[in-house]
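The block underneath contains the structure these notes are about, expressed in structure tokens.
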Amino acid sequence: MSEVVETMEPGANEIDFSRVDRARLIEALARVLPPGCLLYDQEDLRPYECDGLSAYRQMPMVVALPETEAQAAAVLGVCSEQGVPVVARGAGTGLSGGALPHAHGVLLSLARFKKIVRMDPVARLAIVQPGVRNLAISEAAARHGLYYAPDPSSQIACTIGGNVAENSGGVHCLKYGLTVHNVLRVRGLTIDGEVVEFGSHALDAPGYDLLALMHGSEGMLAVITEVTVKLTPKPQLAQCVMASFDDVVTAGNAVAAVIAAGIIPAGLEMMDQPATAAVEQFVHAGYNLEAAAILLCESDGTPEEVSEEVGRIRAVLEESGASEIRVSRDEAERLKFWAGRKAAFPAAGRLSADYYCMDGTIPRKRLGEMLEAIQGMEKKYGLRCINVFHAGDGNMHPLILFDANVPGELDRAEAFGADILELSVSLGGTITGEHGVGVEKINQMCSQFSAAERTAFFRIKAAFDPDGLLNPGKAIPTLNRCAEYGKLHVHDGQLPHADLERF
Amino acid sequence: MDAVISGWVERIRQAAAEGSALEIRGGGSKRFYGQAPQGEVLDTREHAGIVAYEPTELVVTVRSGTPLDELEAVLHEKGQFLAFEPPRFGAATAGGCVAAGLAGPRRQAVGGVRDFLLGVQLIDGRGDLLNFGGRVMKNVAGYDVSRLVAGSLGTLALLTEVSLKVLPRPVAETTLRFEMDQRAALLRLNEWGGQPLPVSASFWHDGLLTLRLSGAGAAVDAAVVRLGGERLEEDEATALWLAVREQRHSFFSGDGPLWRLALPSDAAPVDLPGVTAIEWGGAQRWLRSEFEAKQIREVAAAAGGHAVLFRGGDKAIGVFQPLAGPLAAIHRRLKNAFDPAAVFGRGRLYPDL
Ligand SMILES: Cc1cc2nc3c(=O)[nH]c(=O)nc-3n(C[C@H](O)[C@H](O)[C@H](O)COP(=O)(O)OP(=O)(O)OC[C@H]3O[C@@H](n4cnc5c(N)ncnc54)[C@H](O)[C@@H]3O)c2cc1C
């Protein structure tokens, strides 16, 4: 296939927005927003300068905090008229810099869209505004015996709008699916400020599946103003099996054996020894610290179902060489088993001044290989890495520990991360399972996709946003950027990223 | 590059240059579906076979021309299946199954084609061979082009390979039958849907509600005790669900127009003349009716869904519900992004795509 793409194609070059007129923008926005909904003083902008990936910081030109869909539409109208970039933001917990502001743009916060519009226990759905927190939906549905299944670890804080934009997952996605499997309808605004609906309250909608396309689109196609999520009946009981293993490869094989036995557990997570050691200090989950790896395998359903499944899980894990198996005896113990897994990120934060969370997904059978390679990289870069992952889906979260104040460690951590991502691609996987590309993994997109594929992405974007105003510079690298990266990449994996402000 | 693929690339480029159309066809089993096909046939069956299948990864990658029967037989040997239960309606292929986007009785319980599609390889209307998605469960690198082509009826690109998530076959399965009218059936189905019950399919017609339970033995047994009803013999149950999936059930016989209404599961019984059957817990309603298309569409839209003229009738009125708001323009631009010369599936979905 030809790698040559016509220069007229969208996505050949970065768009230059330096001519945006700040005074004119503020004046126009002030006309469409009520007082208190527009920020432009440096001090007021500061809280928005980064998302969960705080290594990347950029002050926006202004922050708009509309309170209604009509106001949000008016903001977009101003931006499209004046050619101003727009970055949507939910809670700002994203880990790939997706909500990183644009220096010449509007940061459009959906934080004030906090209403649960309708809870419908009969149809098992909830209509919510995009700024509603993930956990708030389950809390509101609880009295009907229902919940919203996808449960990112950040669920106390992250918003449903952000979840759709990233297609977020959680520990229970193996059985219950990702965000895309649990959303029926998304209402949004095009860059012109027109209302558009994707999907419906039926199980499908006419035409192309634009609802699916919205998932994981990182705020680059439309601004989400309302989401209808599916609610799931709460299982009567959940029980967790914790198994210890003497080496990681055996643990990896045990994961495959569980699946091979025809079991789809509600959750199937792995932690390596450095990870269990790190969390045990803080949460005392009772993990076996001698074990090279532990698996947490959850079963949920009716009491009869759970007892049958736990028996089967136990048998498979024993046969797969587990050195110790414990089954949670009650809800308190089950939560204790999970507490360690859920505390992995904070524990890493306490162990080390900084950590860098990776998100590659690989075929399960390559887990052992990946872990061995990571051990090699720890030596190569002189940095420690602890591993927690959604083993059931092969989605790994290596946490690279470093100290940004030690000269050189930042760059080494980044190069370490880039190595992991490139290896994920070559093992038949992907650079991101659930955290998104954002600005963080944009260079690795050049390894995962050909120029023709990346051009196809830009054409899709242009079908929604012809002038490229929605979240420009994220997720899909321009052809020129990849040409640069490719050239530099040959020089022994040293990644200078000259054009990006770093750490 | 594979000789078949490079042949196709050539053909597509030539068609684009000449401004002619191609009808992508697998087994031709869904040829009845959508607006009338146009253009010269491009038969995908010369590109067949399983590329990769690893049961413990729960993923199978197949060439688009692979017969669905063949694929399912291979999965069956390993105790796995395509959980969305795609209908055959004849000699269906894997690529056609994805492009048609039709799912069977298990749709409400587990999801549709798009929910099991992990990745695709395709040739776009410029003749570029492209890969999107992959063979892993979670992947958010780039836009989700795979799911976009599910159900696109061969109007965006020629699929050459698809990667599908597969699941273990349920350990236990039981089918129950209840006598009740449509209103009661809809109430019941929605009530059960809100409880942790292993319902995997439902079919209501002519005063009979049939319910399939699938899952762990203990869960199915407990549900049977709770729900009551009359238990069907295994053979009879298997035959029934197959007949529903393949539309060989007596409800589907006859030549009158067959409408498919996709509605919110709890929508009231549709007030339209004709005979009705209900699937997917109330979310899919079949209507045999000579009634006016416009009014059927209005009723469906008012209930929060849409109507498809699935079989028979006069296609001139439009098989699919017209697109609302800015959607029509987005569709045209997306079509143009993938297939600027309109080589593929001309007019199959909408006249201007
Ligand atoms: C401690 C921690 C644990 C985490 N655990 C998980 C996990 O288990 N699984 C997981 O998948 N992720 C996890 N994340 C990542 C993050 O929480 C998710 O990506 C989340 O969905 C982001 O939601 P947000 O509201 O914070 O979005 P933001 O960070 O504000 O934005 C994320 C992206 O969505 C876009 N966006 C936001 N709102 C809208 C809107 N209304 N319309 C259009 N675009 C919009 C933004 O432009 C940006 O591109 C974790 C993060 C942290 C800090």
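Scan region A:166-218 for residues that are within 24 Å of A:Val86 (Cα to Cα), touching a strand residue (DSSP E or B) at 6+ places or on another chain (Cβ under 8 Å) and hydroxyl-bearing (Ser, Thr, Tyr) and the total you get is 1. If the condition is being within 6 Å of the ligand (Cβ to nearest atom) and either farther than 19 Å from B:Ala141 by Cβ or of a type outside the set (D, E, K, R) (or both), then region A:158-175 contributes A:Cys158, A:Thr159, A:Gly161, A:Gly162, A:Asn163, A:Ala165, A:Ser168, A:Gly169, A:Gly170. Out of the residues in region A:56-72 that are open to solvent by less than 20 Å² (accessible area, probe 1.4 Å) and within 14 Å of the ligand (Cβ to nearest atom), state the one that is nearest to A:Thr432 (Cα to Cα). Within region A:56-72, the match that is nearest to A:Thr432 (Cα to Cα) is A:Tyr56.
Examine region B:311-329 for a residue that is assigned to a strand (DSSP E or B) and more than 13 Å from every other protein chain (Cβ to nearest Cβ), and state whether such a residue exists. Yes, the conditions are met somewhere in region B:311-329. The numbered conditions (1) assigned to a helix (DSSP H, G or I); (2) hydrophobic (A, V, I, L, M, F, W, C); (3) out of contact with any strand residue (DSSP E or B) (no Cβ under 8 Å at 6 or more places or on another chain) are all true for B:Trp8 except (3). When B:Gln247 is tested against (1) at positive phi; (2) more than 22 Å from the chain's Cα centre (by Cα); (3) not basic (Lys, Arg), just one condition goes unmet, and that condition is (2). Look at region A:200-216: where a residue is more than 7 Å from every other protein chain (Cβ to nearest Cβ) and modelled with pLDDT of 95 or more and a partner is part of a loop (DSSP other than H, G, I, E, B) and open to solvent by less than 20 Å² (accessible area, probe 1.4 Å), sitting 6+ places away or on another chain with Cβ atoms under 8 Å, you get A:Met214/A:Leu221; A:Met214/A:Ala222. Yes or no: region B:179-194 includes at least one residue that is outside the structural domain of B:Gly26 (by TED's automatic domain parsing) and part of a strand (DSSP E or B). Checking region B:179-194: at least one residue is outside the structural domain of B:Gly26 (by TED's automatic domain parsing) and part of a strand (DSSP E or B). Right, A:Leu178: in contact with a Gly (Cβ under 7 Å, 6 or more places away or on another chain) and within 12 Å of the ligand (Cβ to nearest atom) or not? Judged against the criteria, A:Leu178 is a match. Answer with yes or no whether A:Ser153 is open to solvent by 30 Å² or more (accessible area, probe 1.4 Å), closer than 27 Å to A:Leu39 by Cα and outside the structural domain of A:Trp338 (by TED's automatic domain parsing). Answer is no for this residue. Search region A:119-145 for residues being within 21 Å of B:Ser265 (Cβ to Cβ) and among the β-branched types (Val, Ile, Thr), and hand back the single one that is nearest to the ligand (Cβ to nearest atom). For region A:119-145, the residue satisfying everything is A:Val128. Filtering A:Leu53, A:Leu100, A:Leu110 for residues that are in contact with a Cys (Cβ under 7 Å, 6 or more places away or on another chain), hydrophobic (A, V, I, L, M, F, W, C) and within 15 Å of the ligand (Cβ to nearest atom) leaves a single hit, A:Leu100.
Within region B:32-52, residues that are assigned by TED's automatic domain parsing to the domain that holds B:Leu159 reach partners that are open to solvent by 30 Å² or more (accessible area, probe 1.4 Å) and modelled with pLDDT under 95 with beta carbons closer than 8 Å, at six or more positions or on different chains, in the pairs B:Gln35/B:Pro351; B:His47/B:Asp2; B:Ala52/B:Arg135.
When each of A:Val227, A:Val255, A:Val186 is tested for being more than 8 Å from the ligand (Cβ to nearest atom), open to solvent by less than 20 Å² (accessible area, probe 1.4 Å) and more than 25 Å from A:Val122 (Cβ to Cβ), the lone residue that passes is A:Val255. Scanning region B:293-310 for residues that are in contact (Cβ under 8 Å) with a residue 12 or more places away in the chain, more than 9 Å from every other protein chain (Cβ to nearest Cβ) and open to solvent by 30 Å² or more (accessible area, probe 1.4 Å) yields B:Lys294, B:Gln295, B:Val299, B:Ala301. Taking the condition in a loop (DSSP other than H, G, I, E, B) and over 23 Å from the mean Cα position of the chain (by Cα), does A:Leu221 pass? Against the criterion (in a loop (DSSP other than H, G, I, E, B) and over 23 Å from the mean Cα position of the chain (by Cα)), A:Leu221 does not qualify. Scan region B:61-97 for residues that are closer than 14 Å to B:Leu159 by Cα and assigned to a helix (DSSP H, G or I) and the total you get is 4. Put simply, of A:Val249, A:Val195 the only residue that is open to solvent by 40 Å² or more (accessible area, probe 1.4 Å), of a type in the set (A, V, I, L, M), more than 22 Å from A:Lys342 (Cα to Cα) and within 9 Å of chain B (Cβ to nearest Cβ) is A:Val195.
Taking first residues from region B:217-234 that are assigned to a helix (DSSP H, G or I) and partners that are polar (S, T, N, Q), the Cβ contacts under 6 Å between residues at least 6 apart in sequence or on separate chains come to B:Ala219/A:Thr302; B:Val220/B:Thr174; B:Ala222/A:Thr302; B:Val224/B:Thr174.
Considering B:Ala222, B:Ala237, the condition of being over 25 Å from B:His306 (Cβ atoms) and within 13 Å of chain A (Cβ to nearest Cβ) is satisfied by B:Ala222 alone.
Here are A:Ala99, A:Ala91, A:Ala126, A:Ala165: which of them is in a strand (DSSP E or B), buried (at least 21 other Cβ atoms within 10 Å of the Cβ) and in contact (Cβ under 8 Å) with a residue 24 or more places away in the chain?
Just a single option satisfies the conditions, and that option is A:Ala126.
Against the test of being under 30 Å from A:Lys365 (Cβ atoms), in the same structural domain as A:Tyr176 (by TED's automatic domain parsing) and open to solvent by less than 10 Å² (accessible area, probe 1.4 Å), the options A:Ala291, A:Ala212, A:Ala275 yield a single qualifying residue, A:Ala212. Applying the criterion of being of a type in the set (A, V, I, L, M, F, W, C) and within 14 Å of chain B (Cβ to nearest Cβ) to the residues of region A:230-246, the residue that is farthest from the ligand (Cβ to nearest atom) is A:Leu237. As an exercise: evaluate A:Val117 against (1) open to solvent by 30 Å² or more (accessible area, probe 1.4 Å); (2) within 14 Å of chain B (Cβ to nearest Cβ); (3) farther than 26 Å from A:Trp338 by Cα and give the number of the one condition it does not meet. If we test A:Val117 against (1) open to solvent by 30 Å² or more (accessible area, probe 1.4 Å); (2) within 14 Å of chain B (Cβ to nearest Cβ); (3) farther than 26 Å from A:Trp338 by Cα, just (2) comes out false.
Residue count for region A:260-271 satisfying the condition of being touching a Leu at 6+ places or on another chain (Cβ under 8 Å) and surrounded by fewer than 24 Cβ atoms within 10 Å (Cβ to Cβ): 2. If you go through region B:164-185 and keep only what is within 11 Å of another protein chain (Cβ to nearest Cβ) and open to solvent by 10 Å² or more (accessible area, probe 1.4 Å), you end up with B:Lys165, B:Leu167, B:Pro168, B:Arg169, B:Pro170, B:Val171, B:Ala172. Give region B:97-135 a look and list any residue that's within 7 Å of another protein chain (Cβ to nearest Cβ), open to solvent by less than 10 Å² (accessible area, probe 1.4 Å) and of a type in the set (A, V, I, L, M), or say none. Across region B:97-135, the qualifying residue is only B:Leu130. Scanning region A:424-461 for residues that are more than 7 Å from chain B (Cβ to nearest Cβ) and assigned to a helix (DSSP H, G or I) turns up A:Ser424, A:Val425, A:Ser426, A:Cys446, A:Ser447, A:Ala451, A:Arg454, A:Thr455, A:Phe458, A:Lys461.
The values are calculated or read from the model by the stated rules, or taken from the named source; none is laboratory data. Fair warning: this is a prediction, and the values are worked out from it, not measured in the lab. Cβ: placed from backbone, ideal geometry, glycine included. Neighbour counts: every protein chain shown. Just so you know, the surface numbers come from the protein's heavy atoms only, side chains and all, with ligands and any DNA or RNA stripped out. Shrake-Rupley method; radii C 1.70, N 1.55, O 1.52, S 1.80 Å.
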